[in-house]
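Below is one structure, written out as structure tokens, with a few remarks after it.
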Amino acid sequence: MGLGNHSLPDTRHSVGMLVVDCLARYLGAVWHFNSRSIGHLAVTNVDDQEIILLKPTLAMNINGRSIARTGIDTVR
């Protein structure tokens, strides 16, 4: 998960989101908005392991809600 404040892109407050953006690009994963997880998801596979990347759109102090709402059933 890329921690940060979605409303403050390209700042020190969203470094985690920049990291998962780079990882998604490296893995060839495509971002899409998922309303259940209240964020952007990118899903890919590496060595038969499903990798789920998440960029919550909630403020950092409450984006745990996005994590709790993201699961295998969310991405399928």
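The values are calculated or read from the model by the stated rules, or taken from the named source; none is laboratory data. A quick note: this is a predicted structure, and the numbers were derived from the prediction, not measured. Using ideal geometry, Cβ is built from the backbone for each residue, glycine included, and neighbour counts are taken over all protein chains shown. For the accessible areas, the whole protein counts, side chains as well, though only heavy atoms, and no ligand, DNA or RNA atoms are used. Shrake-Rupley method; radii C 1.70, N 1.55, O 1.52, S 1.80 Å.
At a 10 angstrom cut-off on C-beta neighbours, averaged per residue, how do the peptides 52-61, 18-27 rank from highest to lowest?
Those peptides, ordered most packed to least, come out 52-61, 18-27.
Give me the percent of the accessible area of the chain that comes from carbon and sulfur atoms, probe 1.4 Å, all protein chains in place.
The value for the chain is 55 percent carbon and sulfur by accessible area.
With every protein chain kept in place and ligands, DNA and RNA left out, what is the accessible area per residue of the chain? Probe 1.4 Å, answer in Å².
Per-residue value: 64 Å².
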